[in-house]
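Written out below as structure tokens is the structure these notes cover.
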Amino acid sequence: MLRLPQTHHSHHIIAVLLVLSLPSLCTCIPTFLHPAVPLTPPTHVHVLVCVCTAPFHFQQRQAIRNTWARQLPSPATENFIPSLLSSEMVRQMRMGKSATKSMIHGHRAPHAQAGGSSGSAGAGHVVFDFVVRFFVGEVVDGDEADGDEEMSERAILEEMRQYGDVVQLKGFEDTYAALSNKTLEMIVWAHNNSFQMVVKVDDDTYLVSSELIKSLETVAAATPNGITYSYAGVIHRDFPVISQVQSKWYMRDEYPFPTFPPYAAGPCYWLGPALLQYIAQNRNSLTRYRVEDAGVGIWLQNTHTDITDLVALMYVSTCSPLTAHSAVYINPVSHEHMVAMHSAYTNTSNICAGYRIRECEENPCMCIPSPDACQFPTHPGVKGTTWMDFMNQGYHQN
């Protein structure tokens, strides 16, 4: 079910002609960037799993800690895992307040399994280990979970101290519109902390750890470059750039072309070592696009990428073992259903055993398969939101 990589090169001549003929578009396609550095395919890869989460999604983070994050093999040595002391915590320590020992020494969170690797070097003789970190931005004024921004910040700080796995990025408010900036800062953080690869995951995504590792090992063995230039996920190709100004995905003002370059859907994707380094080194030259996942594809279109299609269950209302057995991730999954799904999967080895997608129950027209009535949005049998409704809604924090 895994589709092996296809080499992707941007159409340099066409892009240059467009930029030369339309000077105002020069910010749309960065041109003078550091190329993806030719790297020797590594044999041991430290992977940072960046969970993109809102500040007040405490339950979502706890569900991940208690489910799929436990199943990812951790680095063999705790000394590798970087400290997560934020500037705020350093300030408090200087004022005489304490931080946990695990935070000071960069130990992994208490839930992580002890040492090891993926169990085997795989066909490509590559070993992967993983560190899971939850990334949040600054609290949005007026959007606090309890109506008190100071108390909310304290709750996040306490969670950071307790688990040692939350990173609060500074310089931007944690809003949907700032998602590209957040993703860029996560990648820079990974690069600065010596990780070689990033797996970006939303906090409503259930990551099937065994299939993730299997897919990584397959890609590592399938191409001469291994995972060096790898960009993998559910790949959208020739996806139209939305031109309706009222749409939450409107981007024609930022990217005035008919279609996007290939890009991986936002719930989960990975970036290989050369791409991680490329984005981090060009941080100051990259536009923070309104649509985060499409923006990553735009960032990468001027460099070499090996693109891989992953199998996933996205907005699928009914789970079939024929299609689910090789799924790398499932989305969207509520925190309650994530725990139930994981328990059933652990006990039965059947990912469909506890499968339940609340979004599909509440908004069946957004899922596959959808009721026949969804073909007629005004039909009285249509329940909940349709994709057209969702696309045209403004941004909402949740």
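Readers should treat all values here as calculations from the given coordinates under stated rules, not as data from a laboratory. Just so it is clear, the model here is predicted, and its values are computed rather than measured. Virtual Cβ from ideal backbone geometry, glycine too; neighbours counted across all protein chains shown.
Computed values, structure above
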read-out	value
For Val127, distant residues with modelled amide H under 5 Å away	His44, Val45
Built amide H within the under 5 Å cut-off of Val167, gap 5+	Phe134, Phe135, Val136
Ordering of 125-135, 55-65 by burial proxy (mean other Cβ atoms within 10 Å per residue, highest first)	125-135, 55-65
Point-to-point label distance, Thr43-Thr385, nm (Cα→Cβ direction, 7 Å offset)	5.0
Surface/4 of the Cα convex hull for segment 172-278, nm²	8.3
Per-pair calculated FRET efficiency, R0 = 41 Å: Phe58 and Ala353 via Cβ, rounded to 0.05	0.95
Karplus-derived HN-Hα couplings along segment 280-285 (A = 6.51, B = -1.76, C = 1.60, θ = phi - 60°), whole Hz, x at Gly and Pro	4, 6, 9, 3, 7, 9
Ordering of 216-224, 307-315 by burial proxy (mean other Cβ atoms within 10 Å per residue, highest first)	307-315, 216-224
Protection proxy ranking, peptides 227-233, 166-172, average beta carbon neighbours within 10 Å, highest first	227-233, 166-172
Net charge contributed by nearby residues that have their C-beta within less than 12 Å of Ala340 (K/R +1, D/E -1)	+1
Which listed pairs, of Lys214/Lys248; Lys170/Lys200; Lys182/Lys383; Lys248/Lys383, have C-alpha distances above 27 Å, in listed order	Lys214/Lys248; Lys182/Lys383
Antiparallel DSSP beta bridges within segment 197-351, percent to nearest 5	65
Counted charge near Gly137, where neighbours are those whose Cβ lies closer than 11 Å (Asp, Glu -1; Lys, Arg +1)	-2
Chain lengthening between Gln246 and Arg70 when straightened (0.36 nm per residue, less Cα-Cα)	59.2 nm
Simple label model, 7 Å out from Cα along Cβ direction - Lys214 to Asp253, nm	4.6
Gln375 paired with Phe172, simple spin-label distance in nm, labels 7 Å along Cα-to-beta-carbon	4.2
